[in-house]
Amino acid sequence: MPRSRARAPPKTTDEDAPRVRADALKPTLALAQSIYEQLDHGEIPRMRLPLRTKQNLTFLEREGVWKLGRQMGTRSARKLDGALMLLRTFYLVDFINEMARDRKTSTLRELYYISEAWEEAKFHSEDESNLLIEDLEVLCERLREDFRLHPEENGASVIGDLTIREKNRKGVVKTINCRDDVGDGGYALPFNVEKEKIQFVSTKAKFVIAIECGGMVDRLAENGFDEQYNAILVHLKGQPARSTRRFLRRVTEELKLPIVVFTDGDPWSFRIYASVAYGAIKTAHLSSYLATPAAEFLGVTASDIENYDLPSDKLSEQDIRALQAELTDPRFATAEWRAEIELMLKNGKKAEQQSLAKYGLNYVTEHYLPEKLTEMGVL
Amino acid sequence: MVPPPTIAHQLAARQREISVAEFFERNRQILGFDNPQRSLLTTVKEATDNGIDACEEAGILPEILVEIAKEGEDRIRVSVTDNGPGILRKEIPNVFARLLYGSRFHSNRQARGQQGIGISAAVLYANLTTARPAKITSKVEEEEAAHVLELFLDTQKNQPRIASEDVVLWDRPHGTKIELVLKARYIRGRQSPYEYLRGTAIVNPHARIVLVEPDGTRVTFERATDEKPPIAKETLPHPYGLELGELGYLLKATKRPTLTEFLTKDLQGVSARAAKEVVAAAAIKASLPPASVHGDDQERLLTALRTIPLVAPSSEGLSPIGAMLIKRGLRNVLGEARPDFFAPPVSRPPKVRGGFPFMVEVGLVYGGALPADQSIQILRFANRVPLLFQQGACAITNAVSNLDWRRYGLDQKGGSGLPSGPALLLVHVASNKIPFTSEAKEAIAEDPEIDREITLALQVAARHLRTHLSRRTRRDLASEKFAIILKILPKLAEKTSHLVGKEIPDLTPVITRIMDVVNIETPVTSTPDGVWVPVEVTNYTPRARVLELFVELSPDLMGKASFEPAPDGTEPALGRAWWTLPKLVPSGKTRLELRFPAKTDVEANDFDWYVAGIDESHLLGADTLPGDWDVRLPRTIVEAAEAAEAEAHATGAGDEEVDYDAAESSASAAEDD
């Protein structure tokens, strides 16, 4: 599938591409040049960035994902917040250039602490620093890894008959089967899941099932679901990290496997599915690279709660607001999703995936999943 | 038809004089003794009011000591000591142990208590609930020693009964102390003695009030001023407020030989000419002795008095708190909440309703530690007495609720009801005759004239609040801009210049573009040598400015001021001075100075600064010159002002871009890694 050159640098998926590209520094310096020139001309310094809001998502037919649209916002030194973010940007650019010179990398959390020395420009939360890094990704059309910044090891786990080859920290290449060569915890995904790090060797699996909660992953593993149905279980750990989403994209695309997403039945789980399948709002600039348009939502759906008579909780005020926000989210603007969201609002109920245990520990693997998967045509 | 005599006799047999004890029992509520908590408050209130009134009449700065101690289960000992002139021995029993005995009932001026029920009712309540006498200690200056009397109120005869009497040495020149043991409960908070004394301290900043609470806590409301409020003068009754019966009483009691003399000398507002018209209209002979005017003649006389135009009732009988003392009192008592703003207190001119003068005063405080998420506090006062009960039924509360406070910067659901925000309102209604909703005097009754005056006063205070809030918004915006140009911009220039390997460029043009204001700093600095106000005007706009600066202060204060350089024009009677400033290039500044003798009572709020030659949105630390200043401006200023106006219109159509950092992104915050 052809990929846009605009925001997702295709080179990152090339065989043996160096993780940190020297040319990542060039666009950062171009930003500095632009601000310098504005100051020199007596203009109030500013930058223009595409808005990362749900109103600015556009659907890319060709790729089947949601990406940033054309609406632009201005970050200007006219306002205090804007001025601070501009200053932070260049502390960050300075830091990135320094790391490149010293051949170092930094975790996102370390960067947050590095900013302690930036005086008024220091970050007040890790959210703030992460947002700025994403801004820089958008502005420079690079990935944060290109800036030598990476998340901490996330360790989302994979269980199932999938053989991979991983080049570990010492440069040794290991071949690992994610069912036979791992312990009960499964194979832990590193933050870097690109080809130069991980290659897929073989699999007998017929499909991938991405699961929101660890308890449900354990249940399926204990019940031998992966072996019985030839499935690869991937733990999402709530809102999935970039590496998890990138892994899902690669594994399904490269091995041509169908993928289903199995979550709780609540508004937040809908958003988990959306970020896997359609692309997340915050990282919409990377949707061509992180989203898996083939992913299908398995449940728990609002109608499952009724059909399976699951133990449920009343929707909270916050849940209701979240559902209402989803009704104005372009990613959910399909007849199916509208019906699902409106049904949940109407019934006023939500349920956890583990509520299926009401009918015993085997119910989920013997009844619920086989039924749903058959219905979806996966089995 | 005449009823059979037997029934009349039966009825007559049942009629008898009710004792004061019964009267008290039946009227506990209106007298303020319906529960133990309230009884304590009423007792403290009556004793304190008497003390302050006594001091005021004698021209003494009041010192009131209120001591409250627990004496067994639900029994409390209260003692209130004042430094008033003292009470003569022969008056003590009647003052404290006889209902409806007082010196003020017939006087026509504003005072705290009037009926003479209060303190005796407290004594009676103590007698009834604990069977203990009231102990009164009082000393007048002329006598060596103090009299100590223990009193009961005889509930059959409404007469004092002296239980014991003594003469003791008392270490004060004069004063009175009352001690009572009563069934009561002490609380702090709303409707408590504490709240009452605090309110009293606010409106009586010349008093020093000390409260000792049962747990030994000593609360002192310090005196904030040595200035005594003017004593309300006693005034003659005005015909507009007279009832027919009262007129009859006055006609009979007067010693004036003729009706004309009675009208002009015993009543207020009746001139000789008016008297002539009145008697003519009433068709009574002017030379008649007043006592011989009877029946229909009295009625015609009263009608004439009400139809002939008379001089309006005098407000000399009123005792307002006064703007200065409202400010001092609020500052003194609310100081620890550190409010940001004390609105200039509003004193409405006296008005008349039903023959009695009244006036309304309002104080408003905003910000600081006052709670922001609750309804505003309203301190209600009637004749300088705090009103603690029946807030919802009071004309003051209604006037506050009926004003749309949203226009003045406070939150208010639907534009009526009590507004919320970190504000406190003080509303004082002073009158020789306040229409209370009940004898308990807890709330002022609805009255269109009083309501109108309260509303007008509230609006003035509210306008001050709005001005303050809009100035604050502009100041906040400016301090944000100062943070940008002083802290952030230089670093941004340094970082980017360093990254591209160039010299740091001159930032002046960017700074003036970001600020785009002329800033006027007017700090007030006190030194032992004098008080000075160094004024600094800086042009943080990208163009040259020609400006005229104006200051307004009280004429009194202006008389003490010296200016450097000399103003280009003054109007001393109005307290105004102005300067044509030298032309200011971008980033250019100029200074001038006001000086006052050492210890002059000056604060920043005493000055209003105005500028001509620039529009409001480009001005900081001053306002544009109000239209009503009849000042002839130099031609250059007029031209500058016109140019500024044109510029203001032009910038209105500026680039409308979405602020990236303000754009809604919360939807995505909960979603993603």
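Do the conditions hold for A:Val276, that is, is it surrounded by 24 or more Cβ atoms within 10 Å (Cβ to Cβ) and more than 14 Å from every other protein chain (Cβ to nearest Cβ)?
Here the answer is no, as A:Val276 does not meet what is asked.
Here are some residues: A:Asp94, A:Asp146, A:Asp161. Which one is on the phi < 0 side of the Ramachandran plot, of a type in the set (Asp, Glu), assigned by TED's automatic domain parsing to the domain that holds A:Leu233 and open to solvent by less than 50 Å² (accessible area, probe 1.4 Å)?
Exactly one of A:Asp94, A:Asp146, A:Asp161 is on the phi < 0 side of the Ramachandran plot, of a type in the set (Asp, Glu), assigned by TED's automatic domain parsing to the domain that holds A:Leu233 and open to solvent by less than 50 Å² (accessible area, probe 1.4 Å), namely A:Asp161.
For the stretch A:285-306, which residues satisfy the criterion of being open to solvent by less than 10 Å² (accessible area, probe 1.4 Å) and not in a helix (DSSP H, G or I)?
A:Ala291, A:Thr292, A:Ala295, A:Leu298, A:Gly299, A:Val300 - these are the residues of the stretch A:285-306 that are open to solvent by less than 10 Å² (accessible area, probe 1.4 Å) and not in a helix (DSSP H, G or I).
May I ask you to list the residues in the stretch B:338-372 that are open to solvent by 20 Å² or more (accessible area, probe 1.4 Å), within 24 Å of B:Pro422 (Cα to Cα) and among the small types (Gly, Ala, Ser)?
Of everything in the stretch B:338-372, those that are open to solvent by 20 Å² or more (accessible area, probe 1.4 Å), within 24 Å of B:Pro422 (Cα to Cα) and among the small types (Gly, Ala, Ser) turn out to be B:Ser347, B:Gly368, B:Ala369, B:Ala372.
Going by what's in this entry, would B:Val546 be described as away from chain A (no Cβ under 13 Å) and either over 38 Å from the mean Cα position of the chain (by Cα) or at pLDDT below 90 (or both)?
Yes.
Given the conditions (1) touching a residue at least 60 places away in the same chain (Cβ under 8 Å); (2) within 13 Å of another protein chain (Cβ to nearest Cβ); (3) closer than 26 Å to A:Thr374 by Cα; (4) not in a helix (DSSP H, G or I), and given that A:Lys282 satisfies all but one, which numbered condition is not satisfied?
(3)
List, please: which pairs have Cβ atoms under 7 Å, are six or more places apart or on different chains, and start with a residue in the stretch B:596-615 that is more than 21 Å from B:Ile637 (Cβ to Cβ) and modelled with pLDDT of 90 or more and end with one that is part of a loop (DSSP other than H, G, I, E, B) and among the hydrophobic types (A, V, I, L, M, F, W, C)?
Sorted first by the residue in the stretch B:596-615, then by its partner, the pairs are B:Phe596/B:Ala561; B:Phe596/B:Val602.
What is the number of the single condition among (1) in a helix (DSSP H, G or I); (2) within 22 Å of A:Arg242 (Cβ to Cβ); (3) modelled with pLDDT under 95 that A:Tyr273 does not meet?
The failed condition is (3).
Residue by residue through the stretch A:98-120, note down the ones that are open to solvent by 30 Å² or more (accessible area, probe 1.4 Å), more than 19 Å from A:Phe191 (Cα to Cα) and within 14 Å of another protein chain (Cβ to nearest Cβ).
A:Glu98, A:Arg101, A:Ala117, A:Glu119, A:Glu120
Inside the stretch B:498-525, can you point out the residues that are open to solvent by 30 Å² or more (accessible area, probe 1.4 Å), within 14 Å of chain A (Cβ to nearest Cβ) and under 21 Å from B:Ala622 (Cβ atoms)?
B:Ile511, B:Asp516
For the stretch B:414-422, state whether one or more residues are in a helix (DSSP H, G or I) and in contact with an Asp or Glu (Cβ under 6 Å, 6 or more places away or on another chain).
Within the stretch B:414-422, one or more residues are in a helix (DSSP H, G or I) and in contact with an Asp or Glu (Cβ under 6 Å, 6 or more places away or on another chain).
So if I check each of B:Leu418, B:Leu403, which one is assigned by TED's automatic domain parsing to the domain that holds B:Ile450 and touching a strand residue (DSSP E or B) at 6+ places or on another chain (Cβ under 6 Å)?
B:Leu418
Each row is one residue, and each column tells you yes or no for (1) within 14 Å of chain B (Cβ to nearest Cβ); (2) out of contact with any His (no Cβ under 7 Å at 6 or more places or on another chain); (3) surrounded by fewer than 15 Cβ atoms within 10 Å (Cβ to Cβ); (4) under 30 Å from A:Phe225 (Cα atoms).
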site	(1), (2), (3), (4)
A:Glu326	yes, yes, no, no
A:Asp329	yes, yes, no, no
A:Glu340	no, yes, no, yes
A:Met344	no, yes, no, yes
A:Gln354	no, yes, no, yes
A:Lys358	no, yes, yes, yes
A:His367	no, yes, yes, yes
A:Lys372	no, yes, no, yes
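Those residues that are open to solvent by less than 10 Å² (accessible area, probe 1.4 Å) and facing chain B (nearest Cβ under 7 Å), I need them from the stretch A:75-91; list them, please.
A:Arg75, A:Ala77, A:Gly82, A:Ala83, A:Leu86, A:Leu87, A:Phe90 - these are the residues of the stretch A:75-91 that are open to solvent by less than 10 Å² (accessible area, probe 1.4 Å) and facing chain B (nearest Cβ under 7 Å).
Just checking, how many residues over the stretch B:191-201 are in contact with a Pro (Cβ under 8 Å, 6 or more places away or on another chain) and not charged (D, E, K, R)?
Residues flagged as in contact with a Pro (Cβ under 8 Å, 6 or more places away or on another chain) and not charged (D, E, K, R) within the stretch B:191-201 amount to 3.
Pull out all pairs, ordered by first then second residue, where Cβ-Cβ is under 7 Å, the residues are six or more apart or on different chains, the first lies in the stretch A:33-46 and is within 7 Å of another protein chain (Cβ to nearest Cβ), and the second is of a type in the set (Ser, Thr, Tyr) and open to solvent by 10 Å² or more (accessible area, probe 1.4 Å).
From residues that are within 7 Å of another protein chain (Cβ to nearest Cβ), the pairs are A:Ile44/A:Ser76.
Between a first residue in the stretch A:318-333 that is outside any loop (DSSP other than H, G, I, E, B) and a second residue that is of a type in the set (Val, Ile, Thr) and surrounded by fewer than 16 Cβ atoms within 10 Å (Cβ to Cβ), which pairs have beta carbons less than 9 Å apart while being 6 or more apart in sequence or on different chains?
A:Pro330/A:Thr58
Under 6 Å between Cβ atoms, which residue pairs at least 6 apart in sequence (or on different chains) link something in the stretch B:126-137 that is outside the structural domain of B:Ile87 (by TED's automatic domain parsing) with a partner that is assigned to a loop (DSSP other than H, G, I, E, B) and among the basic types (Lys, Arg)?
none
Being outside the structural domain of B:Val352 (by TED's automatic domain parsing), among the acidic types (Asp, Glu) and modelled with pLDDT under 85 narrows it down to one of B:Glu261, B:Glu234, so name that one.
Result: B:Glu234 is the single residue among B:Glu261, B:Glu234 that is outside the structural domain of B:Val352 (by TED's automatic domain parsing), among the acidic types (Asp, Glu) and modelled with pLDDT under 85.
Just a yes or no: is a residue in the stretch A:200-218 in contact with a Lys or Arg (Cβ under 9 Å, 6 or more places away or on another chain), assigned by TED's automatic domain parsing to the domain that holds A:Ile272, assigned to a strand (DSSP E or B) and surrounded by fewer than 20 Cβ atoms within 10 Å (Cβ to Cβ)?
Yes, because at least one residue in the stretch A:200-218 is in contact with a Lys or Arg (Cβ under 9 Å, 6 or more places away or on another chain), assigned by TED's automatic domain parsing to the domain that holds A:Ile272, assigned to a strand (DSSP E or B) and surrounded by fewer than 20 Cβ atoms within 10 Å (Cβ to Cβ).
Could you grab the pairs with beta carbons closer than 6 Å, sequence gap of 6+ or different chains, first residue in the stretch B:485-497 and at the interface with chain A (Cβ under 7 Å from one of its Cβ atoms), second one small (Gly, Ala, Ser)?
Final answer for the pair search is B:Ile488/A:Ala83; B:Thr496/A:Ala32.
Residues are listed down the side, and each one gets a yes or a no for (1) at positive phi; (2) assigned to a loop (DSSP other than H, G, I, E, B):
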position	(1), (2)
B:Lys157	no, yes
B:Asp166	no, no
B:Ile178	no, no
B:Arg188	no, yes
B:Gln191	yes, yes
B:Leu197	no, no
B:His206	no, yes
B:Val219	no, no
B:Thr225	no, yes
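Take the residues in the stretch B:21-57 that are among the acidic types (Asp, Glu) and within 28 Å of the chain's Cα centre (by Cα), then tell me which one is farthest from B:Glu195 (Cα to Cα).
B:Glu57
Quick one: would you say B:Ala430 is open to solvent by less than 10 Å² (accessible area, probe 1.4 Å) and of a type in the set (A, V, I, L, M, F, W, C)?
yes
For B:Pro528, state whether it is open to solvent by 30 Å² or more (accessible area, probe 1.4 Å), facing chain A (nearest Cβ under 8 Å) and either under 30 Å from B:Asp615 (Cβ atoms) or in contact (Cβ under 8 Å) with a residue 24 or more places away in the chain (or both).
Criteria not met by B:Pro528.
The values are calculated or read from the model by the stated rules, or taken from the named source; none is laboratory data. Quick caveat: nothing in here was measured; it's all calculated off a predicted structure. We place every Cβ from the backbone using ideal geometry, glycine too, and count neighbours over all the protein chains shown. To get the accessible areas, we keep the full protein, side chains included, count just its heavy atoms, and leave off ligands, DNA and RNA. Shrake-Rupley method; radii C 1.70, N 1.55, O 1.52, S 1.80 Å.
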